[in-house]
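Worksheet: the structure to be examined is printed underneath.
No lab work stands behind these numbers, since they all come straight from the coordinates. For clarity, every value in this text was computed on a predicted model and none was experimentally measured. Here the Cβ positions follow ideal geometry from the backbone for every residue, glycine too, while neighbour counts run over all protein chains shown.
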Amino acid sequence: MTPKEQRNQRLAERMIKSLKRRNMEAFYCPTGKEAVKKVLELIADGSSVTWGGSMTIRDMGLPQALRDRGTLEVLDRDLVTDRSEVIRMYERAFTADVYLTSANAISEDGVIVNIDGNGNRVAAITWGPKKVIFIIGLNKVAQTVEAAFQRARSTAAPINSARFDIKTPCQADGVCHNCNSPESICNHVHFLRNSPRSRHTVVLVGEDFGY
């Protein structure tokens, strides 16, 4: 193993212990390919599956892998263009068997931080789907909860604002202004500290994915 691979393995092992103390099942996959395989193993045949606006999920090719399996009801909002249909897809997520998502940041001791504009993703993480599976690249690990929050605001939010071409101060200069912009994507802040009923599973990935 390279020094980076050694560090990632040791960090992941420590984080898995912390996540298990928070009632979350957790796994480590060194590569995105292995992560896709692990996620597929965690989903039972016949399950309904959907996801939020995660670039991690898209970049590792997980949506196509879910469709190719052929034994799942895949609710893919990326295939829907009409706005009213998109909203209905958001609503259907709350009755899905499995909801896939990533995170804006995660602390070394296992607190998962997400910030949303519309709130549909953090709402599904909180309540609704029978099972929530996080796929999180180790590039999103921060030392503390406070550092994770800062990463979500100062790194993920400006990049996502640029991705969606949202006219916010951070989109203009890459710096968080703690704004109240009408188009702000920092409207809903979510900290997952523990998993009630063990609904949440975390797959940590050794490769960099998402923002």
Revision key, fill the gap. In terms of the alpha carbon gyration tensor, root eigenvalues a ≥ b ≥ c, rounded if a/c is under 1.5 and otherwise prolate when a/b exceeds b/c or oblate, the stretch 70-155 is prolate
**Study point:** Total charge dipole magnitude, the stretch 44-103, about the Cα centre, Cβ charges on Lys, Arg, Asp, Glu only, Debye to nearest 20
**Key:** 100 debye
**Study point:** For the stretch 1-106, size of Cβ-based charge dipole, Lys and Arg +1, Asp and Glu -1, in debye
**Key:** 680 debye
Review point. So what does log10 I(q)/I(0) come out to for the stretch 25-76 at q = 0.16, 0.19, 0.31, 0.32 Å⁻¹, using the Debye formula with one equal point on every Cα and no solvent?
Key: -0.44, -0.63, -1.38, -1.40
Point to revise | Calculated Rg and Dmax of the stretch 1-122 using C-alpha coordinates, Å | key: 15.8, 49
Exercise for review: Treat every Asp and Glu Cβ in the chain as -1 and every Lys and Arg Cβ as +1, leave all other atoms uncharged, and give the resulting dipole magnitude about the Cα centre to the nearest 20 debye.
Suggested key: 620 debye
Review point. If you project the alpha carbons of the chain onto the principal axes, what extent comes out on each, in Å, largest first?
Key: 41, 41, 31
Study note, to complete from the structure: Dividing the mean separation of Cα pairs under 8 Å (6+ apart) by the residue count of the chain yields a relative contact order in percent of 30 percent
Check your understanding: Farthest toward the dipole's positive end in the chain, which of PHE164, THR144, MET89, given Cβ charges of +1 (Lys, Arg) and -1 (Asp, Glu) about the Cα centre?
Key -> THR144
Point to revise | Positive dipole terminus of the stretch 30-95, leading residue within VAL39, GLN64, VAL80 (C-beta point charges) | key: VAL39
Point to revise | Overall Cα dimensions of the stretch 125-211, principal axis frame, Å, largest first | key: 40, 29, 23
